[in-house]
Amino acid sequence: MNDLIHRLAEIVGPTHVLTQDGDTAPYLTDWRGRYHGRCVAVVAPASTAEVAALVRLCAARHIAIVPQGGNTSTCGAATPDTSGLQLVLSLARMQGIRDIDCANNSITVEAGATLASVQTAAREASRLFPLSLASEGSCQIGGNLSTNAGGLAVLRYGTMRELCLGLEVVLADGRVLHALSGLRKDSSGLDVKQLFIGAEGQLGIITAATLKLFPLPDASATAWIGVDSADTAIHWLGALRQAFGDRLTSFEILSEPCQRLLDKHQAGRLPFIAPWALLIELSDAGDSAELGERLTMWLAEQQMVDGVIAQSEAERLKLWQLREDMSETQKKEGASIKHDIGVPSSAIAAFIAACGDALQAAFPGCRIMVFGHAGDGNLHYNVSHTRTDNAALFDDEAAVNAIVYDQVAHYGGTLAAEHGVGQLKGAWLARYKDPVALSIMRSMKQALDPQGLMNPGKWLSQI
Ligand SMILES: Cc1cc2nc3c(=O)[nH]c(=O)nc-3n(C[C@H](O)[C@H](O)[C@H](O)COP(=O)(O)OP(=O)(O)OC[C@H]3O[C@@H](n4cnc5c(N)ncnc54)[C@H](O)[C@@H]3O)c2cc1C
């Protein structure tokens with residue numbers, strides 16, 4: 001073991017090999033505190049060459065590697081197992097911005113750059129990098145790509161898969177895939193970078209990426225609107241798209257129980273409570289006052305009953321803060337069985353009705369909190385109080401999941417639209433994903449990582 005630590009230190013420098021419990025602890029527990037692991041060491045390389053050298057060393061000694069970004073995925077995806085034999089490879093020192101090509105609207109960054117730092121670099125070049133998540137100060141581009149992250153503006157700009165033009169990846173045998181292209185159109189064979197997006201570090205280690213940039217919108221109009229049903233909410237989504245096209249950037253919904261919880265813990269901040277609340281945002285080039293005026297006129301034509309339109313940047317931020325506080329506010333009420341599901345937005349209302357009925361039939365009185373990015377069909381669907389004291393909540397987890405995921409499958413949805421699959425949802429993926437797709441995924445794993453050393457124990461070893 002000492003020899004291994006010595007070799008690791010030769011590659012990255014002794015101060016970047018952590019072995020003491022106090023130093024490694026933050027890397028060994030996932031964000032929710034649900035998974036706890038051990039490791040032989042945490043190493044933090046500073047370059048692609050160092051990553052490749054580490055991977056070659058591990059391949060020769062048959063040591064498994066767990067790549068870790070900001071450790072904000074909430075399904076144990078970046079947590080090592082409890083053997084104490086796996087190596088955690090932190091990308092935190094690889095934060096460089098390699099290039100900004102304003103004429104091509106693209107940016108090339110190292111995988112350990114935080115999402116917030118990439119947004120800032122883009123803004124400083126008068127461009128927008130549109131991925132936006134509540135965890136953006138901590139999560140990293142490599143983690144965002146590996147989980148195909150989405151967020152608040154997917155409706156307009158797409159997920160990481162759509163935002164990625166090129167990748168640099170260290171493969172399980174130490175070879176480097178050089179695919180850092182800035183091309184938007186390339187018909188020369190298979191687009192192999194796609195394999196690593198959403199792979200959660202099980203096929204290779206992403207070391208850099210070329211990402212799309214967009215013109216920086218200087219106008220926005222933001223409104224908090226009350227509607228009487230999920231059906232009406234989805235009708236509004238279609239109508240807003242029709243009226244404002246691509247300017248519709250975000251379309252979030254919160255159910256009444258979510259609003260009541262926000263009101264309980266943050267009294268006075270909520271404009272009103274409605275059966276469903278919508279948080280919508282338009283963005284464009286030009287003048288915010290003019291865009292706000294257009295939205296106000298349009299809302300008046302729709303005979304909106306309850307609604308407020310932000311009149312200043314401070315008011316806009318207050319509305320967004322309500323949405324962003326939702327997860328933390330729910331935490332104050334204790335644990336819940338969480339799902340980050342996705343269904344086609346046209347099926348949202350039917351899914352919510354059918355799933356709610358099925359859960360209430362099995363667990364009368366259970367509390368269901370629904371909120372999220374309805375514009376792209378991605379909902380947080382959190383269930384609690386399946387028992388009177390809620391203490392044994394997780395005894396019901398498998399039964400609750402089966403009900404929710406059956407309904408998701410029925411409505412053509414996905415059981416992982418946001419937080420990845422990790423070690424939490426592998427068995428469920430095996431149950432619901434198309435068997436041919438699963439078999440192709442297993443073949444890819446075998447082809448790219450025959451020794452099974454890339455983040456083992458996660459979903460690719462459970463399907
Ligand atoms: C408060 C909060 C809000 C969130 N909101 C959203 C949201 O709106 N939308 C959304 O999509 N997600 C959201 N998430 C989930 C999470 O932030 C994302 O999944 C994020 O993309 C994870 O990035 P990370 O750097 O933290 O990755 P980690 O958690 O460190 O890792 C995630 C997976 O990627 C792998 N990995 C990490 N870096 C690399 C690399 N360089 N190469 C190969 N594999 C790698 C890991 O091994 C692991 O399997 C939220 C999380 C929190 C805590």
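The values are calculated or read from the model by the stated rules, or taken from the named source; none is laboratory data. Predicted model, so just to flag it, every value in this text is computed and none were measured. Here the Cβ positions follow ideal geometry from the backbone for every residue, glycine too, while neighbour counts run over all protein chains shown. Keep in mind that these areas ignore ligands, DNA and RNA; they rest on the heavy atoms of the full protein, side chains included. Shrake-Rupley method; radii C 1.70, N 1.55, O 1.52, S 1.80 Å.
FRET efficiency for the pair ASN390 and ASP21, taken as 1/(1 + (r/R0)^6) with r the Cβ-Cβ distance and R0 = 35 Å, rounds to 0.60.
Length available on full extension from ARG32 to ASN104: 0.36 nm per residue minus the Cα-Cα distance, which gives 22.0 nm. Length gained on full extension, MET444 to GLU315: 41.6 nm, using 0.36 nm per residue less the C-alpha separation. A 1.4 Å probe run over the stretch 2-92, with the rest of the protein chains in place, finds 41 Å² accessible per residue. Mind checking which lysines have their Cα closer than 27 Å to the Cα of LYS338? Skip sequence neighbours fewer than 8 apart in that chain. Of all the lysines, those that pass the test against LYS338 - Cα under 27 Å, at least 8 places apart if same chain - are LYS264, LYS318, LYS425, LYS433, LYS458.
Note on LYS185: lysines with a C-alpha under 24 Å away, same-chain residues under 8 apart excluded, are LYS193, LYS212. Each Lys and Arg Cβ is given +1 and each Asp and Glu Cβ -1; about its Cα centre, the stretch 104-167 then shows a dipole of about 160 debye.
With the simple model of a label 7 Å out from the Cα in the direction of the Cβ, SER126 to ARG175 spans 4.3 nm. Here the stretch 97-215 is treated with +1 on each Lys and Arg Cβ and -1 on each Asp and Glu Cβ, and its dipole about the Cα centre works out to around 300 debye.
Please say if the stretch 334-419 is rounded, prolate or oblate, where rounded means a/c under 1.5 for a ≥ b ≥ c the square roots of the C-alpha gyration tensor eigenvalues, and otherwise the choice is prolate for a/b larger than b/c and oblate otherwise? Cα axes put the stretch 334-419 in the prolate bin.
With all protein chains present, how much of the accessible area of the chain (probe radius 1.4 Å) comes from carbon and sulfur, to the nearest whole percent? Ligands and nucleic acids excluded, carbon and sulfur give 52 percent.
Once you reduce the stretch 331-404 and the stretch 94-155 to the center of their Cα atoms, the two points are 31 Å from each other. Would you mind checking the tilt of helix 256-265 against the longest principal axis of the Cα atoms of the chain, expressed as 0 to 90 degrees and rounded to 10? Approximately 80 degrees, to the nearest 10. Averaging over all projection directions, the Cα-based convex hull of the chain occupies 22.4 nm² in the image plane.
Considering only protein heavy atoms, what is the solvent-accessible area of ASP173 at a probe of 1.4 Å, reported in Å² to the nearest 10? Answer for ASP173: close to 80 Å² accessible.
Values of log10 I(q)/I(0) for the stretch 2-92 across q = 0.13, 0.26 Å⁻¹ run -0.38, -1.43, by the Debye formula with one identical scatterer at each alpha carbon and no solvent.
Once the 1.4 Å probe is applied to the protein heavy atoms, the stretch 219-328 comes out at 46 Å² accessible per residue. Compared with the dominant Cα axis of the chain, that is its longest principal axis, helix 397-410 is turned about 70°. Maximal additional length on extending the GLU162-MET304 stretch stands at 47.7 nm, based on 0.36 nm per residue less the C-alpha distance. Counting only protein chain heavy atoms and rolling a 1.4 Å probe, the accessible areas of ARG7, ARG431 rank, largest first, as ARG431, ARG7. A 1.4 Å probe, protein heavy atoms only, puts the accessible area of SER138 near 50 Å².
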